[in-house]
Amino acid sequence: MFKISKEDTSEDRMILYLLEIDIEGTKVVKFGVTRRKIEERVAEILTSLFYKTRRFHYCYPKRFKTVDNALDKEAKLLDYFKDYKYEGYKFSGHTELRTVSLEEAVEAYDCLVKEDKLPERK
């Protein structure tokens, strides 16, 4: 028999991920959530981008962790970096792209996941 805990079936317990994608020389960060394996979601994003540009792009999955309140955390990260919205190609997942440095994105992600708050703006 399989044991299923309440925590495992939570509607909002998903993988919160942070990707760095190089889109034709522009490095962007993508925040997102998924219930699937991270490699499946990344393949879907890169395939969608391929159909737009006819090129395969570099992608670095920097962070991916199963967390509670994943949708809320994703929304907080996207709002935190709202002034850095990517305005290039339109493809599956493009609305969650931001043109911030990977270091700044990782700092915000780690702080939110570990301390449930975002760092003070500099």
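The values are calculated or read from the model by the stated rules, or taken from the named source; none is laboratory data. These numbers were taken from a predicted model, which means no experiment stands behind them. Here Cβ is always computed from backbone atoms with ideal geometry, including for glycine, and neighbour counts include all displayed protein chains. Note: accessible area is taken over every heavy atom of the protein model, side chains too, but ligands, DNA and RNA are not part of it. Shrake-Rupley method; radii C 1.70, N 1.55, O 1.52, S 1.80 Å.
Calculate, for segment 17-112, the solvent-accessible area per residue in square angstrom, rolling a 1.4 angstrom probe over the heavy atoms of the protein chains. With the other protein chains kept in place, segment 17-112 gives 52 Å² per residue. Here the Karplus curve 6.51 cos²θ - 1.76 cosθ + 1.60, taken at θ = phi - 60°, turns the phi angles of segment 34-44 into couplings of 7, 9, 8, 5, 4, 5, 5, 5, 4, 4, 5 Hz, with x standing for Gly and Pro. Gyration tensor over the Cα atoms of segment 51-100: the corresponding equivalent ellipsoid has semi-axes (square roots of 5 times the eigenvalues, largest first) of 22, 15, 10 Å.
The HN-Hα couplings worked out from phi for segment 83-91 by the Karplus form 6.51 cos²θ - 1.76 cosθ + 1.60 (θ = phi - 60°) are 6, 10, 4, 6, 10, x, 4, 9, 8 Hz, whole numbers, x standing for Gly and Pro. For the chain, the 222 nm mean residue ellipticity estimated from helices alone, with every DSSP H stretch of n ≥ 4 adding -39500 (n - 2.57) and the total spread over all residues, rounds to -11000 deg cm²/dmol. Quarter the surface of the alpha carbon convex hull of the chain and you get the mean projected area, 8.4 square nanometres. Taking only Cα atoms, what is the 0 to 90° angle, nearest 10, from helix 70-80's long axis to the longest principal axis of the chain? Relative to the chain, helix 70-80 is tipped by roughly 40 degrees.
Work from the charge dipole of the chain (Cβ charges, +1 for Lys and Arg, -1 for Asp and Glu, about the Cα centre) and give the residue of V42, P61, S101 farthest towards its positive end. Of the candidates, V42 comes out farthest on the positive side.
Among the protein heavy atoms of the chain, carbon and sulfur supply 50% of the accessible surface, probe 1.4 Å, non-protein parts ignored.
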